[in-house]
Amino acid sequence: MKLVYVFDAYCGWSHGFSGTLREVVSRHPALPVEVVSGGLFTGPRRVPIREFGYVQGANAQIAEQTGAEFGESYERLIADGSFVMDSEAAARGVAALRRAAPDRAAELACALQRAFYVDGLSLSSPATYRKVAEEAGLDADAVVAAFDAPEAHNTATDDFHRSAELGVTGFPTLLAVDGDRVAALAHGHATADEIDRRLAALTTAPTH
């Protein structure tokens, strides 16, 4: 069995789920974690953030429910309103970090969300991936090269397809995958204890 975490780096609820994800991973070190990027802001949804009038209200709800931090630099981005969230670029960055340290994919996904939601850094900028990679002790040059590589666009598209194949319709979604069996552990918001109970039920359930 493995965990599959489907999220979008520009999704506030995914940012709010970071604490739960870290706790689940720490409780289950033997469970591999696959991280998949969804395409929340692509195509016609790739517009200035001011077009999404619900963002500030949603963030207040996320902070209240999850304790997630939204930094001053990020709040300035929201107030300015011209910033464009591009999930394709973010997915390329996730893939570049994942490639550098596959076994740390969940940790790096959380770090990337912190770079945006706390530090207010663009996930379309190579400098952001250099910073995240350096702080994680990774080869920053290799991460930036992977982010900028022509084939990175295909990697992002592959992630979006993987998300769709898994039947994911919202972010974040945490799945338990065991062969052909796929079970949802969390949609949007859940505590580590709730996920543990669902995991325990899966491992004791009879197989057919």
In Å², and per residue, what accessible area does the chain have when probed at 1.4 Å with the other protein chains present? 48
Quick one, which of [x] 12.0; [y] 10.6; [z] 11.4 is the actual mean projected area of the Cα convex hull in nm² calculated for this model? [z]
From the Cα gyration tensor of the range 64-117, with a ≥ b ≥ c the square roots of its eigenvalues, which class applies: rounded if a/c is under 1.5, or else prolate if a/b is larger than b/c, or else oblate? oblate
Of all accessible heavy-atom area on the chain, the percent that carbon and sulfur account for (1.4 Å): 51
Short version: ³J(HN,Hα) in whole Hz for each residue of the range 155-164, in order, from phi by Karplus 6.51 cos²θ - 1.76 cosθ + 1.60 (θ = phi - 60°), x for Gly and Pro, what are they? 4, 4, 4, 4, 5, 4, 5, 4, 4, 5
Under the rule a/c < 1.5 gives rounded, and otherwise a/b versus b/c splits prolate from oblate, where does the range 36-97 land using the Cα gyration tensor? oblate
Projected label distance in nm at ARG22 and ARG50, using a 7 Å step from Cα toward the beta-carbon: 3.4
Test of the criteria: in the range 36-113, which GluC sites (Glu not before Pro) are in a DSSP loop and have at most 16 other Cβ atoms within 10 angstrom of their Cβ? GLU69
What is the range 135-208 by shape, rounded, prolate or oblate, if you read a ≥ b ≥ c off the alpha carbon gyration tensor as root eigenvalues and call it rounded for a/c under 1.5, prolate for a/b larger than b/c, and oblate otherwise? prolate
Could you state the angle between the C-alpha long axis of helix 126-135 and the longest principal axis of the C-alpha atoms of the chain, as a value from 0 to 90 degrees rounded to the nearest 10? 50
Over the heavy atoms of VAL177, what accessible area does a 1.4 Å probe trace out, to the nearest 10 Å²? 20
Subtracting the Cα-Cα distance from 0.36 nm times the residue separation, let me have the gained length for ASP178 to ALA79 in nm, one decimal. 31.2 nm
With Cα atoms, 0 to 90° folded angle of helix 12-27 axis to the chain main axis: 40
Taking Cα atoms only, helix 87-100 is inclined relative to the longest principal axis of the chain by an angle, in degrees rounded to 10, of 60
List every residue whose amide H lies under 5 Å from the amide H of ALA186, counting only residues 5 or more places away in sequence or on a different chain, with H placed 1.01 Å from N in the peptide plane. LEU174
Could you identify which residue out of GLY93, GLY137, GLY39 has the top mean-square fluctuation in a GNM of the chain using Cα springs shorter than 10 Å? GLY137
Taking the simple approach of a point 7 Å from Cα along Cα-to-Cβ for both SER125 and ASP158, what is their distance in nm? 2.9
Using the alpha-carbon centroid of each, what span in Å lies between the range 56-132 and the range 1-42? 13
Per GNM of the chain with C-alpha springs under 10 angstrom, the most fluctuating residue out of HIS189, HIS153, HIS28 is HIS28
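The values are calculated or read from the model by the stated rules, or taken from the named source; none is laboratory data. Quick caveat, the model's predicted, so the values are computed rather than measured. Cβ sites come from the backbone with ideal geometry, for glycine too, and all protein chains shown count toward neighbours. Heads up: the accessible areas ignore ligands, DNA and RNA and are worked out on the full protein's heavy atoms, side chains in. Shrake-Rupley method; radii C 1.70, N 1.55, O 1.52, S 1.80 Å.
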